[in-house]
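Undergrad: Here it is: the structure, laid out below.
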Amino acid sequence: MDNWLIYEARRRLAAVVDITNVVTVVHQNHGHGRFADAEVLWSSEEAKRNRELAGNSLFTFDDATHILFPDGLHSTWTLADFLGT
């Protein structure tokens, strides 16, 4: 699960870099395997377990610690983040 990868990196205090501004990302278009559709998949026991493993949080690119722009790497953190305010 992609969301879990972002969660696990953040849990381990690793940098998570959103590169979508400078890289064309290709994701394979695929079916849902043995599940009839996405709704059935998301309500399955497997999906529930994946959400438990990820702390019931769905981490996304919004949770990146850095963003890569054409002019370089930029932190998403602000001074308030560091000060805890």
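Undergrad: Looking at the range 33-42, which of the residues that are of a type in the set (Gly, Ala, Ser) and either in a helix (DSSP H, G or I) or at negative phi (or both) is modelled with the lowest pLDDT?
TA: Taking the candidates together, the pick is 38.
Undergrad: Could I ask something else about it? Can you tell which of 36, 9 is within 14 Å of residue 61 (Cα to Cα) and among the small types (Gly, Ala, Ser)?
TA: It is 9.
Undergrad: Quickly run through the range 57-85 and pick out the residues that are closer than 22 Å to residue 24 by Cβ and either part of a helix (DSSP H, G or I) or of a type in the set (Phe, Trp, Tyr) (or both).
TA: 61, 62, 63, 69, listed by residue number.
Undergrad: Name the residues in the range 13-32 that are in a loop (DSSP other than H, G, I, E, B) and closer than 20 Å to residue 74 by Cα, would you?
TA: Result: 13, 14, 15, 16, 19, 20, 21, 22, 23, 24, 25.
Undergrad: Could you check, for the range 11-21, whether at least one of its residues is surrounded by 10 or more Cβ atoms within 10 Å (Cβ to Cβ), without any contact (Cβ under 8 Å) to a residue 60 or more places away in the chain and basic (Lys, Arg)?
TA: Checked against the condition, which is being surrounded by 10 or more Cβ atoms within 10 Å (Cβ to Cβ), without any contact (Cβ under 8 Å) to a residue 60 or more places away in the chain and basic (Lys, Arg), the range 11-21 yields at least one hit.
Undergrad: Can you tell me which residues in the range 2-20 are touching an Asp or Glu at 6+ places or on another chain (Cβ under 7 Å) and among the hydrophobic types (A, V, I, L, M, F, W, C)?
TA: Matches in the range 2-20: 6, 16.
Undergrad: Restricting to the range 45-56, and then to whatever is assigned to a loop (DSSP other than H, G, I, E, B) and loosely packed, with under 14 Cβ neighbours inside 10 Å, can you tell me which residue is modelled with the lowest pLDDT?
TA: 56
The values are calculated or read from the model by the stated rules, or taken from the named source; none is laboratory data. Keep in mind the model is a prediction, meaning the values are calculated, not measured. Heads up, the Cβs are rebuilt from the backbone with ideal geometry, glycines too, and the neighbour counts pull from every protein chain shown.
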